[in-house]
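Just below is one structure, and these are the notes that go with it.
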Amino acid sequence: MITPMRVFVLIFNARTENEGIHTIREGDRNKILMFESEDDATRFALMLEAQDFPAPTPEPINAEEIKEFCESAGYEWEIIPENSNLVVTPPELNVEETDWQANAQKEDTIEDTFPLNQQPLEEPDLSDSELEKIRRKFEGLL
């Protein structure tokens, strides 16, 4: 099988300091899914979101870069061909704590992420009362 030059992977917190890539855990190994089709990657991302997982963003990336990343991190990779009969659905469970969101609420899960960029999180510049005001405004929008 010839690997396409551009594939789509699912990224959490895309283009931030706390960016992470979606993986699926199989036993003690992690695997990154590389979608040939952006539509297939988007459908998979929506399925993750429907399972109360944070919404990932399908991002185009060079397949060789992902393969090199997988080799350096000890991860597996799988290409999901466009228009294939292969139906990809997320596992029903997610990891307890993601690497890209160290303070995430713990859940019974199998899926994992790996930080692409491991810079420390900064403390917010807002006081608790300011954050509470913003939270109330957001709730009012709902």
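What follows draws every value from the coordinates through simple rules; no lab data is involved. Quick caveat, the model's predicted, so the values are computed rather than measured. Cβ: placed from backbone, ideal geometry, glycine included. Neighbour counts: every protein chain shown.
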### Task
DSSP loop (so not H, G, I, E, B), at most 11 other Cβ within 10 Å: list which trypsin sites (Lys or Arg not before Pro) in the stretch 1-47 pass both filters.
15
## Note on the structure
Amide H neighbours of residue 77 at under 5 Å, excluding residues fewer than 5 places away on the same chain, with H built from the backbone geometry, are 32
### Query
Taking H as built 1.01 Å from N, whose amide H comes closer than 5 Å to the amide H of residue 51, not counting residues under 5 places away?
none
